[in-house]
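Trainee: Can you keep this structure in mind? I'll have questions shortly.
The values are calculated or read from the model by the stated rules, or taken from the named source; none is laboratory data. Note that the coordinates shown come from a computational prediction; the quantities given were computed from them, not determined experimentally. Note: ideal-geometry Cβ built from the backbone for every residue, glycine included; neighbour counts use all protein chains shown.
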Amino acid sequence: DVIAYGSPSDKRLKENIKPIESALDKVVKLQGVTFDWKQNDNILSIKQDIGFIAQDVKEVIPELVRENEDGMLSMRHQGIAPILLEAIKELKQEIDELKKQIK
């Protein structure tokens, strides 16, 4: 039932839960790219696309990248959202501190 509504996320399934640290530093090191898929039977019939390069992401956030038995990398894109959320919070904190200094 849990999988029918999305990825399992129940706290009871997790351990070693820790906040994401230095999220803004991670986000700054990532690069979104546009690209064209090479002809490949394994890729959907999409030519132009937007995303990340798994090798680049692996250097910054290795938890989001998986390697198969052939050495091909894939990425869990949904893992970017929590990092972006925490980066926004860090920016908000910086903005609030700057506003206090201005007053």
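Trainee: Just wondering, is there one or more residues in the stretch 86-102 that are closer than 22 Å to residue 7 by Cα and at pLDDT 95 or above?
Mentor: First, the residues of the stretch 86-102 that are closer than 22 Å to residue 7 by Cα: 86.
Filter once more, so that each one left must be at pLDDT 95 or above: 86.
Checking the stretch 86-102: at least one residue is closer than 22 Å to residue 7 by Cα and at pLDDT 95 or above.
Trainee: Right, here's the next one. Is it the case that residue 44 is modelled with pLDDT of 95 or more and hydrophobic (A, V, I, L, M, F, W, C)? Break it down into steps so the answer makes sense when it comes.
Mentor: Values: modelled with pLDDT of 95 or more: no; hydrophobic (A, V, I, L, M, F, W, C): yes.
No: the conditions fail for residue 44.
Trainee: Can residue 51 be described as under 25 Å from residue 22 (Cβ atoms) and in contact with a helix residue (DSSP H, G or I) (Cβ under 6 Å, 6 or more places away or on another chain)?
Mentor: Values: under 25 Å from residue 22 (Cβ atoms): yes; in contact with a helix residue (DSSP H, G or I) (Cβ under 6 Å, 6 or more places away or on another chain): no.
For residue 51, the condition - under 25 Å from residue 22 (Cβ atoms) and in contact with a helix residue (DSSP H, G or I) (Cβ under 6 Å, 6 or more places away or on another chain) - is not met.
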